[in-house]
1. Could you check how many residues of the range 118-132 are in a helix (DSSP H, G or I), open to solvent by less than 80 Å² (accessible area, probe 1.4 Å) and farther than 15 Å from Arg96 by Cα?
2. Among Leu69, Leu8, Leu50, Leu102, which is under 30 Å from Leu126 (Cβ atoms) and either open to solvent by 60 Å² or more (accessible area, probe 1.4 Å) or at pLDDT 85 or above (or both)?
3. What tally of residues in the range 22-33 results from selecting those that are at pLDDT below 75 and open to solvent by 100 Å² or more (accessible area, probe 1.4 Å)?
4. Scanning for something under 21 Å from Ile32 (Cα atoms) and touching a residue at least 40 places away in the same chain (Cβ under 8 Å), does the range 112-123 turn up at least one residue?
5. What number of residues within the range 156-184 are at pLDDT 75 or above and loosely packed, with under 12 Cβ neighbours inside 10 Å?
6. Can you say whether Ile14 is modelled with pLDDT of 75 or more, open to solvent by less than 80 Å² (accessible area, probe 1.4 Å) and not polar (S, T, N, Q), as far as the supplied structure shows?
7. Confirm whether Thr142 is modelled with pLDDT of 80 or more, open to solvent by less than 40 Å² (accessible area, probe 1.4 Å) and polar (S, T, N, Q).
8. Only one of Lys130, Lys88 is under 23 Å from the mean Cα position of the chain (by Cα), farther than 22 Å from Gln145 by Cβ and at pLDDT 75 or above. Can you tell me which?
Amino acid sequence: MGFLRRILAELQAILRSLGHLFTASVNFETGIFDAFFSIKDDVHAFIANLSQFERFDFDPKWKTRVISLPQAWDSIFELVDIITHGFKDKFIELERSVETLLNTIQQSPRAPDEGPSGIANVQERLTALKLAVVDFQQAFHTALQIEQMALDVKQRLERLDDLFLPQGSSKTVVDVKYRKRNAV
């Protein structure tokens with residue numbers, strides 16, 4: 001009885017080693033698992049960022065801030081550029097990624113008698129799966145970048161940091177009654 005258990009334990013260890021070897025070789029050939037874990041990290045970041053969109057806390061702290069017109073002018077144009085061109089470019093990139101993913105998924109499979117057989121067929125299908133997963137990873141990563149851009153714009157509008165000098169900027173005495181803030 002103990003002998004059979006030991007043989008069974010050895011067989012399980014061998015099968016487990018073969019499974020690890022198989023998954024390592026599949027990951028080496030296709031990169032599917034690396035892409036999967038990257039997607040998993042992107043999903044967690046996406047969910048964490050979504051919670052920050054629940055409410056808009058407009059609090060620019062008007063009384064304690066100083067406006068710098070040249071800095072405000074440059075920052076506002078930068079913000080407008082992000083809103084008009086940055087989002088447009090990212091949405092175009094997302095559209096291309098989704099089109100690539102759809103084209104990869106919609107490729108018609110070969111008839112069994114036309115294609116390669118055996119291991120070559122398995123390798124071809126794994127390559128197609130890898131392309132689909134990598135294309136999905138790219139599309140999802142682009143969507144995460146769009147979300148992060150939107151979060152950045154929201155935060156910039158909440159505090160109006162683009163209009164004001166940074167908090168804690170040093171002051172220089174110009175004359176007895178006037179102190180000038182230095183732009184940082």
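1. Looking only at that region, the number is 7.
2. Numbers: Leu69 fails: under 30 Å from Leu126 (Cβ atoms); Leu8 fails: under 30 Å from Leu126 (Cβ atoms); Leu50 fails: under 30 Å from Leu126 (Cβ atoms).
After applying the criteria, what remains is Leu102.
3. 2
4. Scanning the range 112-123, I find at least one residue that is under 21 Å from Ile32 (Cα atoms) and touching a residue at least 40 places away in the same chain (Cβ under 8 Å), so the answer is yes.
5. Going residue by residue through the range 156-184, those that are at pLDDT 75 or above are 156-160.
Still in the list and also loosely packed, with under 12 Cβ neighbours inside 10 Å: none.
Number satisfying all stated conditions: 0.
6. Numbers: modelled with pLDDT of 75 or more: yes; open to solvent by less than 80 Å² (accessible area, probe 1.4 Å): no; not polar (S, T, N, Q): yes.
In short, no.
7. Details: modelled with pLDDT of 80 or more: yes; open to solvent by less than 40 Å² (accessible area, probe 1.4 Å): yes; polar (S, T, N, Q): yes.
Yes, satisfied.
8. On the way: Lys88 fails: farther than 22 Å from Gln145 by Cβ.
Exactly one residue qualifies, and that residue is Lys130.
The values are calculated or read from the model by the stated rules, or taken from the named source; none is laboratory data. Everything numeric here is computed off the predicted structure, so don't read it as measured data. As a convention, Cβ positions derive from the backbone with ideal geometry for all residues, glycine included, and neighbour counts pool all protein chains shown. Ligands, DNA and RNA are excluded from the accessible area calculation, which covers all protein heavy atoms including side chains. Shrake-Rupley method; radii C 1.70, N 1.55, O 1.52, S 1.80 Å.
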